[in-house]
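In what follows, a structure is listed as structure tokens, so that the remarks can point back to it.
The values are calculated or read from the model by the stated rules, or taken from the named source; none is laboratory data. Nothing here was measured: the structure is a model prediction, and the numbers come from that model. With ideal geometry, Cβ positions are generated from the backbone for all residues, glycine too; neighbour counts draw on all protein chains shown.
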Amino acid sequence: MTNTEIPIDEPLGTRIDLAVTRFGEHGFVTKAIGLLEGRNEGDDVLLYVGGRHAQGVLDGAPALYWPELWGARALLHVWNDDAEAAVLRGTTNQAWRVREMCLRVCAERRIGDESQLARRTTDENPRVRAAAARALAEIGTAASEESISRLLRDPQKDVRRAAGESLAVLKDRLS
């Protein structure tokens, strides 16, 4: 499939399925890891994970953090354990959107180091703090309750809401 044959306007799930068909599941996960780690995995991979937005980048728009974010987001759809270390490193990426997405992957895949995730509950960005609470709810122990509870007093309403929901999930999971 050439770049012009990649259906960039299709939903992400459809594009990911096509990429897996083309590269194989392990091969595509390896490419997603490469993007997350800042490597160039080729225009076609960018189009699969980024769709129309990726075409804009290929046409000259600044890439910024988008390829890294798209690599992490792809790991919500396709996974193997080879990706865990890259996702955990991504939780400290300089771009908050990448940190947030990696924390979403941690929650979805139930991976992570409790203390590393707890540190993200003090992140400067509220969306990262909320994502950290959700990840801790999925992988944390009773010790995570303190980190999540502190977020109940966060200045941002969405963080407080995420903290309350995360506490309920954590308590339910541990009971």
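A few comments on the model shown:
- The residue list Ala85, Ala63 contains one member that is farther than 18 Å from Arg104 by Cα and surrounded by fewer than 17 Cβ atoms within 10 Å (Cβ to Cβ), which is Ala63.
- A count restricted to region 93-125 and to residues that are over 15 Å from Gly71 (Cα atoms) and assigned to a loop (DSSP other than H, G, I, E, B) stands at 8.
- Residue within region 112-119 that is surrounded by 17 or more Cβ atoms within 10 Å (Cβ to Cβ) and within 25 Å of Asp17 (Cβ to Cβ) present: no
- For region 18-34, a tally of residues being basic (Lys, Arg) and either part of a loop (DSSP other than H, G, I, E, B) or under 20 Å from Met101 (Cα atoms) (or both) returns 1.
- Residues that are part of a loop (DSSP other than H, G, I, E, B), more than 17 Å from the chain's Cα centre (by Cα) and either buried (at least 20 other Cβ atoms within 10 Å of the Cβ) or not basic (Lys, Arg) (or both) do not occur anywhere in region 162-174.
- Options Ala135, Ala163; residue that is within 30 Å of Arg15 (Cα to Cα), modelled with pLDDT of 95 or more and small (Gly, Ala, Ser): Ala135
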